[in-house]
Amino acid sequence: MTKIPLCDTDGSIIGTCGISKDITKLKETEDALHAANATLAEQKTLLEQSMVELRLAREAAEFKVSIGDVPLMRELVRMFLEDWQTMPADARQALDDHDAEALHLAAHSLKGMVGIYCAAPAFHAVSVLTDNTRAGNLHHARKLLDVAIQEIARLTSALEHFQQDL
């Protein structure tokens with residue numbers, strides 16, 4: 001709304017004059033747009049979760065095919081679930097100590113452990129960390145390690161479910 005003073009011939013204010021515009025439709029449209037965006041965001045999240053679940057199911061199937069021996073698969077999964085958690089601690093300690101060689105060894109161990117599970121995102125994350133530490137580059141190592149650990153945690157969850165299905 002816009003208001004301006006209304007003056008008489010002497011310049012004295014005798015009132016106001018205003019112009020207004022009804023923006024009800026605009027506000028309703030904005031509200032509808034916000035609601036649609038919220039719904040879209042929820043659907044995107046659900047789709048992303050479904051894609052992760054499908055990828056994990058595909059990777060589990062690939063693992064079954066690549067190993068083929070159920071008792072061996074059980075043993076490999078058991079070993080992974082027991083052993084993987086100490087490796088990030090070793091990597092973090094190497095980072096804290098600014099020890100590129102120790103970090104590279106820890107990252108390389110993680111890469112070897114993850115490599116047999118057909119888990120492309122986890123393997124890729126650990127490979128990038130390994131490549132950076134091989135060159136002694138610690139600049140982005142903490143972030144790369146965090147990403148690798150996040151992907152390995154997803155793999156761990158998938159292996160726990162997979163283990164129940166064996």
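No lab work stands behind these numbers, since they all come straight from the coordinates. Because the structure is a prediction, the values reported are computed rather than measured. Using ideal geometry, Cβ is built from the backbone for each residue, glycine included, and neighbour counts are taken over all protein chains shown.
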(message) Test of understanding: in a Gaussian network model of the chain with alpha carbons linked when under 10 Å, which of Lys64, Lys44, Lys21 would top the mean-square fluctuation ranking?
(response) Lys21
(message) Can you return the lysines within cross-link range of Lys27? Criterion is Cα-Cα under 30 Å, with same-chain partners fewer than 8 residues away left out.
(response) Lys3, Lys44
(request) Express in whole angstrom the spacing between the alpha-carbon centres of the range 30-97 and the range 124-157. (result) 15 Å
(message) On C-alpha positions alone, give me the angle between the axis of helix 100-115 and the longest principal axis of the chain, in degrees, nearest 10.
(response) 80 degrees
(request) Only one of the values [x] 20.3; [y] 17.4; [z] 15.8 was calculated from this structure for Kirkwood radius over Cα pairs in Å; name its label. (result) [x]
(request) Apply 1/(1 + (r/R0)^6) to the Cβ-Cβ distance of Thr39 and Glu62, taking R0 = 41 Å, and write down the FRET efficiency to the nearest 0.05. (result) 0.75
(request) Working from Cα positions, state the angle (0 to 90°, nearest 10) between the long axis of helix 24-67 and the longest principal axis of the chain. (result) 10 degrees
(request) Tell me what the chain gives for mean residue ellipticity at 222 nm when only DSSP H runs of n ≥ 4 count, each as -39,500 (n - 2.57), the sum divided by the residue total, rounded to 500 deg cm²/dmol. (result) -26000 deg cm²/dmol
(request) Rounded to the nearest 10 degrees, what's the angle between the helix 120-134 long axis and the longest principal axis of the chain, both from Cα atoms, 0 to 90? (result) 80 degrees
